[in-house]
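Q: Quick one: the structure is below, questions incoming.
Derivation of every value follows stated rules applied to the coordinates shown; laboratory data play no part. Here the structure is a predicted model, which means the values were calculated and not measured. Methodologically, a virtual Cβ is constructed for each residue, glycine included, from the backbone with ideal geometry; neighbour enumeration extends over all protein chains shown.
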Amino acid sequence: MIRQLSALPKRLFDSIWLGLLGIYVLAGTPLVPFHGDESTLIYMSSDYAYMFLQGDLDRVRYQETPPDPAEQYVRLINGVISKYLFGLGWHSAGYDVSDINSQWDWSQSWDDNVQFGHMPQEGILQAARLMASLLLVGSVVALFALGKFIGGRPLAYIASFYYAFHPAILLNGRRAVMESALLLFMLLTVLAALYLLQHRTWKRTVILGAVAGLAMASKHTAVFTLLPLFGLAYGWGIYRWLISKRHDGLQMLLAWTGAGILAIGVFYALNPTWWDAPLERAQMVLEMRQNLLRQQTEGAGGYANLGEKTSGFFHQIWMSELMYFEDSRWGDYPLIRQQIHTYEQSPWRGIVYGVTIIGVVGQSILALFGVWWLLSKSQRTLLVKSALLLWLATMLLSTWLLTPLEWQRYYLPAYVAISLLIAAGVVWGIEGVQTHYHKQSLETTNSA
């Protein structure tokens, strides 16, 4: 009872801290400059009405000759969690599916898109953004929990602060797109995986399977989170079972297989367009995604070589300016310029950390020492620490090597990794200072 009472102030302070960060995220949501992809995701949210209001599953199933090819295309190539929640948002706000805008057409001008009904109504846009921002708030809480699990409250507070005030995370997470859902369920997957590696129970297996499935259903690039975690668990299980002849290896394989099956089941349950031929759909989506990336790189100018990828990676990791749009024409639109000015002048845009050379070098050094701290000082098992570091490395390497062009929103997973590494580096520095003064105090006491 006494221990519970002593822990209450810390938990209360945790809640207050996370509440304040959540308020900050939500406060800036209405001011975010508009992006055409928000129109597309809101257009996709019609599936919410087809499935949950009208019960018309045939409308969202795959068809060889669909009545609306564009609708089926975006349904296949994108995640589904955000569009369902955006639909819930505008439905709760009193709107109907007939109020939903058409898909944004990037080949047309701003005026043409507005004229032909591609711009969402303000109320629908803000309802969808509210749902996206709530997901972003959830990701702040998930990162806090992950930091606390890895290195205690100091790491949790520093990491959540860096993350919640990161301008690129705030901009893209507040918008009515897929990024906030990806961030939330990616972090929950990592947290659930580390808990399952720490101690296997059927409840933790079910939780991992559920959140991993939701992560894949949020955005397909979540696979880069699942691969290192499941790969390490399987590798360790096989080693323990077949080489070390330990029964816990087989138990691990069974637990993670169960989680994997559940994850696939959750993903398919949420994607009716995959139901009839899942393997064929997977191949189709992969080809469609590759074609889309090819079109983007050809149209916007992608990286030509590894050197350009490296330069773009470091420029974005230690970015000094926000990328409000990728289409250069948007800089000419008066409404967008005004929205950007208003957002830039507000206190809700976040904190730019890497403006100066000193800031960039300092953060880089802290991130490197963060790796050392996680390896040497974290109290978790070697397996848990290995899984965490493998995931962090995958986020950085996959973003660096696989991102085809310098679009800031594609670098969000790397920002998550940097948030944890810099926080661990700061904790390393604080502990170093404390150790130094403790030694000085002992020497003073002994000399006296």
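Q: On a full-extension model of 0.36 nm per residue, what is the gain between Glu287 and Leu335, subtracting their alpha-carbon distance, rounded to one decimal in nm?
A: On the way: separation 48, 0.36 × 48 = 17.28 nm, distance 3.62 nm.
So the extension gain works out to 13.7 nm.
Q: Order these by the 10 Å Cβ neighbour count, fewest first: Lys219, Lys148, Lys245, Lys83.
A: Values: Lys219 21, Lys148 18, Lys245 8, Lys83 25.
Least to most surrounded, the residues fall as Lys245, Lys148, Lys219, Lys83.
Q: Label Lys10 and Trp372 with points 7 Å out from Cα along Cα→Cβ: what is the distance between them in nm?
A: It is 2.7 nm.
Q: Going out from 0 in 10 Å bins, what whole percent of all Cα-Cα distances in the stretch 266-349 drops into each bin?
A: The distribution over the stretch 266-349 is 13, 25, 26, 28, 8, 0, given as percents.
Q: Okay, moving on. Give the peptides 194-204, 387-397 in descending order of average Cβ contacts within 10 Å, highest first.
A: Highest-to-lowest ranking by the protection proxy: 387-397, 194-204.
Q: A further question follows. Please label the shape of the stretch 252-411 as rounded, prolate or oblate, based on the square roots a ≥ b ≥ c of the eigenvalues of the alpha-carbon gyration tensor (a/c under 1.5 means rounded; beyond that, a/b larger than b/c means prolate, else oblate).
A: Details: a/c = 1.92, a/b = 1.14, b/c = 1.69.
Oblate, since a/c reaches 1.5 and b/c is not below a/b.
Q: Can you put Ile169, Ile243 in order, fewest other beta carbons within 10 Å first? Please list the in-between numbers first.
A: On the way: Ile169 25, Ile243 9.
In order of increasing Cβ crowding within 10 Å: Ile243, Ile169.
Q: Are there any helices in the chain, counted as whole DSSP H runs, that stretch 30 Å or more along their axis by Cα and score at least -0.5 on average by Kyte-Doolittle, and if so which? Walk me through the intermediate numbers first.
A: Values: long enough: 2-27 (38 Å, 0.95); 122-164 (42 Å, 1.20); 247-269 (33 Å, 1.11); 278-300 (32 Å, -0.76); 412-447 (53 Å, 0.39).
Result, helices passing both filters: 2-27, 122-164, 247-269, 412-447.
Q: I've got another one for you. Averaging over all projection directions, find the projected area of the Cα convex hull of the chain and quote it in nm² with one decimal place. Present the calculation step by step, with values, prior to reporting the outcome.
A: Working: hull surface 108.9 nm².
With every direction weighted equally, the projected area is 27.2 nm².
Q: Which loop-located trypsin sites (Lys or Arg not before Pro) does the stretch 356-400 contain, where loop means any DSSP state but H, G, I, E or B and the Cβ has at most 14 other Cβ atoms within 10 Å? If you can, show how the numbers build up before the last one.
A: On the way: sites: Lys377, Arg380, Lys385; in loops: Lys377, Arg380.
Hits after loop and neighbour filter: Lys377.
Q: So which residue, out of Phe13, Phe52, Phe34, gets the largest mean-square fluctuation from a GNM of the chain using Cα contacts under 10 Å as springs?
A: Of Phe13, Phe52, Phe34, the most mobile in the Gaussian network model is Phe13.
Q: Using a 10 angstrom Cβ neighbour count of at most 13 plus a DSSP loop assignment to flag exposed GluC sites (Glu not before Pro), which longest range of the chain is free of such sites?
A: Details: sites that count: Glu64, Glu321.
Answer - 65-320.
Q: What does the extension gain come out to for Ile77 and Glu308, with contour length at 0.36 nm per residue minus their alpha carbon separation? The partial results should precede the final answer.
A: Numbers: separation 231, 0.36 × 231 = 83.16 nm, distance 2.72 nm.
Fully extending the segment from Ile77 to Glu308 adds 80.4 nm.
Q: Within the set Lys10/Lys83; Lys309/Lys377; Lys203/Lys385; Lys245/Lys385; Lys10/Lys385; Lys83/Lys148, which residue pairs have Cα atoms separated by over 28 Å? List each step's numbers first, then the result.
A: Details: Lys10/Lys83 37 Å; Lys309/Lys377 33 Å; Lys203/Lys385 22 Å; Lys245/Lys385 23 Å; Lys10/Lys385 25 Å; Lys83/Lys148 31 Å.
Check vs 28 Å cut-off fails for Lys10/Lys83; Lys309/Lys377; Lys83/Lys148.
Q: What is the calculated FRET efficiency for Arg153 to Glu321, with r their C-beta to C-beta distance and R₀ = 30 Å, to the nearest 0.05?
A: Working: r = 33 Å, r/R0 = 1.09.
The calculated FRET efficiency here is 0.35.
Q: From Cα pairs below 8 angstrom and at least 6 apart in sequence, can you work out the relative contact order of the stretch 18-166, rounded to a whole percent? Show your work: numbers first, answer last.
A: Working: 146 pairs, mean separation 45.3, N = 149.
It comes to 30 percent, rounded to a whole number.
Q: Let me ask another. Along Cα→Cβ, 7 Å out, is where each label goes; now give me the distance between the ones at Ser109 and Asp58 in nm to one decimal.
A: Label at Ser109, label at Asp58, 4.3 nm between them.
Q: Could I get the Rg over Rh figure for the stretch 63-159? Both from C-alpha atoms, Rh via Kirkwood, rounded to two places.
A: Numbers: Rg = 18.6 Å, Rh = 16.3 Å.
My calculation of the ratio gives 1.14.
Q: Any chance you could run the full-extension gain for Ile264 through Gln345? It's 0.36 nm times the residue separation minus the Cα-Cα distance, nm to one decimal. Write out the running numbers ahead of the final one.
A: Details: separation 81, 0.36 × 81 = 29.16 nm, distance 4.45 nm.
The span from Ile264 to Gln345 would gain 24.7 nm if fully extended.
Q: Taking Rh as the Kirkwood radius computed over C-alpha pairs, what is the Stokes-Einstein D of the stretch 62-113 at 20 °C in a medium of viscosity 1.002 mPa s, expressed in µm² per second? Intermediate results must be reported in sequence, preceding the final value.
A: Values: Rh = 13.1 Å.
Approximately 163 µm²/s, per Stokes-Einstein.
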